[in-house]
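Participant: This is the structure, below, for whatever I ask next.
The values are calculated or read from the model by the stated rules, or taken from the named source; none is laboratory data. Note that the structure is predicted; figures quoted are calculated from it, not measured. Positions of Cβ are generated from backbone atoms using ideal geometry, with glycine treated the same way; all protein chains shown enter the neighbour counts.
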Amino acid sequence: MKLLLLGINHETAPLAVREQVTFSAGAIAPALQQMCHEIGLREALILSTCNRTEMVAVGHSQDLSRLGDWLARYHNLEPTLLQDSLYSHLEEDAAKHLMRVTSGLDSMVLGEPQITGQVKAAFAEATAAGTVGATLHRLFQQIFQVAKQVRTDTAIGQHLISTPAAAIKLAKNLFTNLSDCRCLLVGVGDMIELAAKQLIDAGVTQITIANRTKANASSLAERCGGDVLGLEQLPEYLERFDLILSATGANLPIIGKGMVEQALRRRKHAPMFLVDLAVPRDIEPEITTLRDVYLYSLDDLQNIVSENMDLRRSAAGDAEAIVQDAAITYEQGEKTRAGQDLVVRYRKQLEGFKDAELAKAMARVKQGDDIDLVLKTLATQLTQKLAHTPSVGLKSLIIDGDAAAIEQAKILLGLNQDDTP
């Protein structure tokens, strides 16, 4: 049985294809059980995120194509839709790929930490579904150790990448303690969602969401434990906020110079930190002429992001070396384990021969047969059984003329070099 991996990700398929093969959390357990039953797999795991769907299994090489057919069938798709987007790995390559994925080396954003938690969740789901056996358990324990080592021993996760993260890093230079800041997030898109998460991680507790439609902001506000404002309320409430991040799809600026000027006056010129994450801009750039205002645009933040990405790429080399060494260790361990299993099986076979012949001999002794004859027959029968399979194999090698295999057979059988097979 072999370790198999079949997948599709952000590098091999567009979002329109990837979204058709995702699995919701509640669907993974029954899907795993169905997949194992239909294909005949011993063990299996499904990793499904916004950027990838990967199936890991213990089975035969030919099961890779069956996995692809099953994936298409499960999602009611034509197999041809996926065939150009799927990739596959076997044995050591599969293990190495999973180590790279879990360590953030195969992510859309190099080094992003969320993927480690997603892989752990996938492992937990497969374990609960009863589709994780000894092979996958050993593999994923080693994978999690590698991911931890990459995070601990390299700088791949130590440099902020996203523009909201870069903005928060700059805000920390202005405000002594971000947890004391009152923050306003304008919009409800992905950028604002990410900003909200990172603000909370930074210790911010006072977050308000402003949006054109209040109902659309209520869910995010609930998660942040904050309030909701309509955009028309900004002139009245802007003075209350120290840190403002805006990312809407508006065609014209939402926050103008006059609005900020009035807010500053009411704040008695306490500083305001504004970040414009929108294209086109949400905040009039002219407000930089006002005192006590710090305004950053996407272009300003991109320099920080680029510098940090370069630092991550540099750290990635060290991470790749850790993964490479771990993949080799995994392969050697599996080969050693397979060899040990083979030795155990061989010894059990010999024990079986011995027990069978000894039982026959004991029965003849009880019947009163001559002891010398019984022992001679026991030795002859045991020798014939032990010699039969190797003899057949040796004859086959001799007929094939495989000299290298014959020499190897001599060594395995403990024959002297001068002996003739």
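Participant: If we only count helices (runs of 4 or more DSSP H) wholly inside the range 74-166, which ones have 3 or more residues that are hydrophobic (A, V, I, L, M, F, W, C)?
Facilitator: Qualifying helices (runs of 4 or more DSSP H): 91-102, 114-129, 134-153.
Participant: Looking at the range 273-283, is at least one residue surrounded by 12 or more Cβ atoms within 10 Å (Cβ to Cβ), assigned to a helix (DSSP H, G or I), assigned by TED's automatic domain parsing to the domain that holds THR213 and modelled with pLDDT of 85 or more?
Facilitator: no
Participant: Next question. Within the range 90-104, does at least one residue satisfy the condition of being touching a strand residue (DSSP E or B) at 6+ places or on another chain (Cβ under 6 Å), among the hydroxyl-bearing types (Ser, Thr, Tyr) and under 24 Å from CYS36 (Cβ atoms)?
Facilitator: Within the range 90-104, none of the residues are touching a strand residue (DSSP E or B) at 6+ places or on another chain (Cβ under 6 Å), among the hydroxyl-bearing types (Ser, Thr, Tyr) and under 24 Å from CYS36 (Cβ atoms).
Participant: Let me ask you something else. Among (1) closer than 21 Å to ALA278 by Cα; (2) at pLDDT below 90; (3) crowded, with 16+ Cβ neighbours inside 10 Å, where does LEU178 come up short?
Facilitator: With respect to (1) closer than 21 Å to ALA278 by Cα; (2) at pLDDT below 90; (3) crowded, with 16+ Cβ neighbours inside 10 Å, LEU178 is out only on (1).
Participant: A further question on this structure: With respect to ALA196, is the statement that it is among the hydrophobic types (A, V, I, L, M, F, W, C), surrounded by fewer than 22 Cβ atoms within 10 Å (Cβ to Cβ) and either part of a helix (DSSP H, G or I) or in contact with a Leu (Cβ under 7 Å, 6 or more places away or on another chain) (or both) true?
Facilitator: Considered against the rule, which asks whether it is among the hydrophobic types (A, V, I, L, M, F, W, C), surrounded by fewer than 22 Cβ atoms within 10 Å (Cβ to Cβ) and either part of a helix (DSSP H, G or I) or in contact with a Leu (Cβ under 7 Å, 6 or more places away or on another chain) (or both), ALA196 comes out as no.
Participant: May I ask you to verify whether THR49 is surrounded by fewer than 22 Cβ atoms within 10 Å (Cβ to Cβ), in contact with a helix residue (DSSP H, G or I) (Cβ under 9 Å, 6 or more places away or on another chain) and of a type outside the set (Phe, Trp, Tyr)?
Facilitator: Yes; evaluated as a whole, the condition is true for this residue.
Participant: Of the residues that sit in the range 248-272 and are within 20 Å of GLY230 (Cβ to Cβ) and of a type in the set (Gly, Ala, Ser), which one is surrounded by the most Cβ atoms within 10 Å (Cβ to Cβ)?
Facilitator: ALA263
Participant: Which condition does CYS183 not pass, out of (1) crowded, with 16+ Cβ neighbours inside 10 Å; (2) part of a helix (DSSP H, G or I); (3) of a type outside the set (Phe, Trp, Tyr), if it passes all the others?
Facilitator: Just one mismatch for CYS183, condition (2).
Participant: Surrounded by fewer than 15 Cβ atoms within 10 Å (Cβ to Cβ) and assigned by TED's automatic domain parsing to the domain that holds SER107, is that true of LEU15?
Facilitator: Yes; evaluated as a whole, the condition is true for this residue.
Participant: Within the range 206-228, restricting attention to residues that are over 31 Å from the mean Cα position of the chain (by Cα) and under 16 Å from ILE168 (Cβ atoms), which residue is surrounded by the most Cβ atoms within 10 Å (Cβ to Cβ)?
Facilitator: By that ranking, first place goes to ILE207.
Participant: Here's another thing I want to ask about it. Would you confirm, using the coordinates I've provided, whether ASP227 is among the acidic types (Asp, Glu), in contact with a Phe, Trp or Tyr (Cβ under 8 Å, 6 or more places away or on another chain) and under 12 Å from CYS183 (Cα atoms)?
Facilitator: Answer is no for this residue.
Participant: Check ILE28 against each of (1) assigned to a loop (DSSP other than H, G, I, E, B); (2) of a type in the set (A, V, I, L, M, F, W, C); (3) within 21 Å of HIS137 (Cα to Cα) and name the one condition it does not meet.
Facilitator: Looking at each condition in turn, ILE28 falls short on (1).
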